[in-house]
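Notes for the one structure printed next.
Bear in mind these aren't lab numbers, they're just calculated from the coordinates by the rules spelled out. Quick caveat, the model's predicted, so the values are computed rather than measured. Quick reminder, even Gly has a Cβ in these numbers, built from the backbone with ideal geometry, and neighbours come from all protein chains shown.
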Amino acid sequence: MIKIKFCGISHIEDAIVASNYADLIGVVTDPVSPRFVKPEFIDIVKNFVNKPVVNVKVKGKINDIVNESKADYVQIHRVLDMEEIEDILSYNKKFILYVPSSEKYYSYFKTIVNKTNHLILIDSEKKGEKVNLEVSKIWIKEYDKVGIGGGITLNNIEEFLSLNPYWIDISSGIEKYKSKKDHDKMIRIVEKVKEWKSIL
Ligand SMILES: O=C(O)c1ccccc1N[C@@H]1O[C@H](COP(=O)(O)O)[C@@H](O)[C@H]1O
């Protein structure tokens, strides 16, 4: 089955529900996000869940992000420079590396694929915009660890599943309101992913 990351978790009860259904639990610890929580929240969440927890960050030094919590994964949600990509290779840590879904980032995508063995997240170039599905479709075929996020909802999830990504990443599409998750939406999303598997 296509794996699922539920992201933007900022309440313990949401983390517990997410851990019953998702493969990865994302926590955004960057103040740029309305879903921001302090990195310490990750260490608390880890006492309540049995799924890997991802620390999602936009800004900051890689070394600081790696060391600020006990997260199982670090997701750097920005385009890295070559020095930073080399730096990542020196850590015994799992990363999720963001690549914007635009043709102009193809060589960046290839650099990450060729140099690292980490999960890749294709997401829209700008937060809130829809991800480029044509570009994503091609890249998903080129590397087996590619996930896709960016505006996935109960109404459009089939468009994303049809690209056959390794994993999908959903935040705003499973919310009641900004930063609070809707447990019913989470469950219905998982049902859709399971149904999709049975169609294939
Ligand atoms: O979720 C956020 O607030 C956020 C802020 C800054 C960088 C990344 C963020 N979230 C990541 O984006 C994907 C897709 O989100 P959405 O489903 O389109 O709302 C999310 O899963 C996080 O990985």
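At-a-glance table
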read-out: Fewest-first sequence of 106, 98 by Cβ atoms within 10 Å of each Cβ; value: 106, 98
read-out: Within region 143-178, chymotrypsin sites (Phe, Trp or Tyr not before Pro) in DSSP loop having at most 12 other beta-carbon neighbours inside 10 Å; value: none
read-out: Relative contact order %, region 65-107, counting alpha carbon pairs below 8 Å whose residues are six or more apart; value: 46
read-out: Sequence-separation-based contact order of region 1-77, relative, with Cα cut under 8 Å and 6+ spacing, percent; value: 27
read-out: Residue 110-residue 11 FRET efficiency (beta carbon distance; Förster radius 25 Å; 0.05 resolution); value: 0.05
read-out: DSSP-loop GluC sites (Glu not before Pro) across region 39-97, with at most 14 other Cβ within 10 angstrom; value: none
read-out: Taking N as its residue count, the alpha carbon Rg of the chain over 2.2 N^0.38 Å; value: 0.95
read-out: Cα-projected label distance for residue 153 with residue 89, points at 7 Å along beta-carbon direction, nm; value: 4.3
read-out: In order through region 126-137: 3J(HN,Hα) via Karplus (6.51 cos²θ - 1.76 cosθ + 1.60), integer Hz, x for Gly, Pro; value: 10, 4, x, 8, 7, 5, 7, 6, 5, 4, 4, 4
read-out: Region 98-151 - Kirkwood radius from inverse mean 1/r over Cα pairs (Å); value: 10.9
read-out: C-alpha center-to-center spacing [region 1-20, region 171-197] in angstrom; value: 9
read-out: Under 19 Å from the Cα of residue 61 - aspartates and glutamates, other chains or at least 8 residues apart; value: 30, 40, 72, 81, 83, 84, 86, 87
read-out: Relative contact order %, the chain, counting alpha carbon pairs below 8 Å whose residues are six or more apart; value: 21
